[in-house]
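Structure first, commentary second.
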Amino acid sequence: MSFPWSKRYEPKHPVMQWLDKRLPLPRFVYGVTGGGYPVPRNLSYFWNFGVLNGAALVIQIVTGIVLAMHYAANTGLAFDRVEHIMRDINWGWLIRYAHMNGASLFFASVYIHMFRGLYFGSYKPPRELVWLLGLVILLLLMATAFMGYVLPWGQMSYWGAKVITGLFSAIPIIGEPIQQWLLGGYSPDNPSLNRFFALHYLLPFVIAGVIGLHIWAIHIPGSNNPLGIDVKESADTVPFHPYYTAKDGFSLGVAMLLFSVMLFFFPNALGHPDNYVPANPLSTPAHIVPEWYFWPFYAILRAFTVDILFIPAKLLGVMAMFASIFLLFFLPWLDTSPVRSGHFRPLFRKFFWFGLVPSVLLLGYCGSAPAEEPYVMLSQIAAGYYFAHFLIILPIIARVEKPLPLPDSITAAVLTDGESQLELKNND
């Protein structure tokens, strides 16, 4: 199998030459991460979150392997083993906090990465497969995070597992058998904990494999850019190394600094105090709430309170929650506008910043609040707009919108902008 950049690499060291002839791994690594991969010269810092996603995955895998060495997937031992890690293992508290908050780092980076793709049209041809693989990564990440949240076996872990797996019981006929198969019984217990631990340990490596496919898919058409136009000349690109390795390194350093502040000063800010209480099947928490990165989906789930025709409200909520993710798989075909970047789509830009983003933030807020008014009504409004944005508004915008003129090339846009700034400076 050959790659378009593979011929540019010429190993110098005899050992590397020997390896390159038999297994062109150095050539592949150079092409993917080194100077052999040309990228658009105008990428902003929003394009650095892909590297941050990779760093977050490495943090989760490394810390997870260490934690697994001291954990016991047994309902009678799990909670105490977590406390043992925190109190008795050298630097165990740091490893556990890094793993716990690393999930939040991963999700925050993924969500920003996704919204960047939504705004700049990174889901449009010829990058549909890049977008679809990214959504697969999101689904795997959500499954991994849910199973990991169950492992400490605190109050919120137990009841979160009971509520989420209980959603499948809303599916007619096959729902209850699926729930029993997931749990290994009729309620969360030892079989559930063993299954969740095994899958939680395995899935990050599956995610790593899909990320590899995601990166590979990016290298075929090349990276998108803030202008959303295709690369037309060699002057439009620069080598990934050293230009973007330096930029990614700076962003990664800032992110790790903020992450360190979180670990050392606010390690439990995103956690729930009920999860420091051992699981008790006989005591239901007053307010069952998932981790913050599930709040928008949890709000959509609770937005349905009335049966419609013969469909129960619970089933409607489950269907809407899953549909909120799966409709994104059809986004490349729902938005038929030939222009990618939101910079040149004035109508799209208004609905994106003043419609989609506020509705998602409102769903997140309502997902963290109790299931009572006015939060239920606000969830219904925000969920309604969320689905309308993708299924109604976006297709209409693609047909009626008049985009702004696109620049001839990335180089022309960069040079024109620089000349304009220089002219303004001289006039001043």
Does anyone have the angle between helix 49-68 and the longest principal axis of the chain? Alpha-carbon axes, 0 to 90°, nearest 10? 40 degrees
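Which pairs break 25 Å Cα to Cα here: Lys124/Lys350; Lys12/Lys232; Lys314/Lys350; Lys124/Lys402; Lys247/Lys402?
From the list (Lys124/Lys350; Lys12/Lys232; Lys314/Lys350; Lys124/Lys402; Lys247/Lys402), the Cα-Cα distance tops 25 Å for Lys12/Lys232; Lys314/Lys350; Lys247/Lys402.
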The FRET efficiency for Leu129 and Val15, from their Cβ-Cβ distance with R0 = 56 Å and rounded to 0.05, is 0.95
Each residue of region 173-181 in order: what ³J(HN,Hα) in whole Hz does its phi give by Karplus 6.51 cos²θ - 1.76 cosθ + 1.60, θ = phi - 60°, with x for Gly and Pro? 6, 8, x, 5, x, 5, 4, 5, 5
Under 5 Å from the placed amide H of Ile311, counting only residues 5+ away or on other chains, we find none
Can you give the calculated 222 nm mean residue ellipticity of the chain, where each DSSP H run of n ≥ 4 adds -39,500 (n - 2.57) and the sum is split over every residue, rounded to the nearest 500 deg cm²/dmol? -19500 deg cm²/dmol
The farthest towards the positive end of the charge dipole of the chain, of the residues Asn275, Leu316, Phe146, given +1 on Cβ of Lys and Arg and -1 on Cβ of Asp and Glu, is Phe146
Using a Cα-Cα cut-off of under 15 Å, which aspartates and glutamates could be cross-linked to Lys21, ignoring same-chain neighbours fewer than 8 residues away? Glu10
In degrees between 0 and 90, to the nearest 10, how far off the longest principal axis of the chain does helix 128-150 point, with axes built from Cα atoms? 30 degrees
I'd like the orientation of helix 190-219 relative to the chain: the angle between its Cα long axis and the longest Cα principal axis, in ° from 0 to 90, rounded to 10. 10 degrees
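What is the gain in length, in nm to one decimal, between Met86 and Ala388 on full extension, counting 0.36 nm per residue of separation less the C-alpha to C-alpha distance?
Extra length from Met86 to Ala388 when fully extended: 104.1 nm.
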Over 23 Å, how big is the tail of the calculated P(r) for region 252-382, in percent of all Cα pairs? 54 percent
If amide hydrogens are placed 1.01 Å from N in the peptide plane, which non-local residues have theirs closer than 5 Å to the one on Val39? Val238, Phe240
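Laboratory data are not the source of any read-out in this text; all were calculated from the coordinates shown. Keep in mind that what you see is a predicted model, and the values were worked out from it rather than measured. Neighbour counts are summed over all protein chains in view; Cβ atoms, including those assigned to glycine, are modelled from backbone coordinates with ideal geometry.
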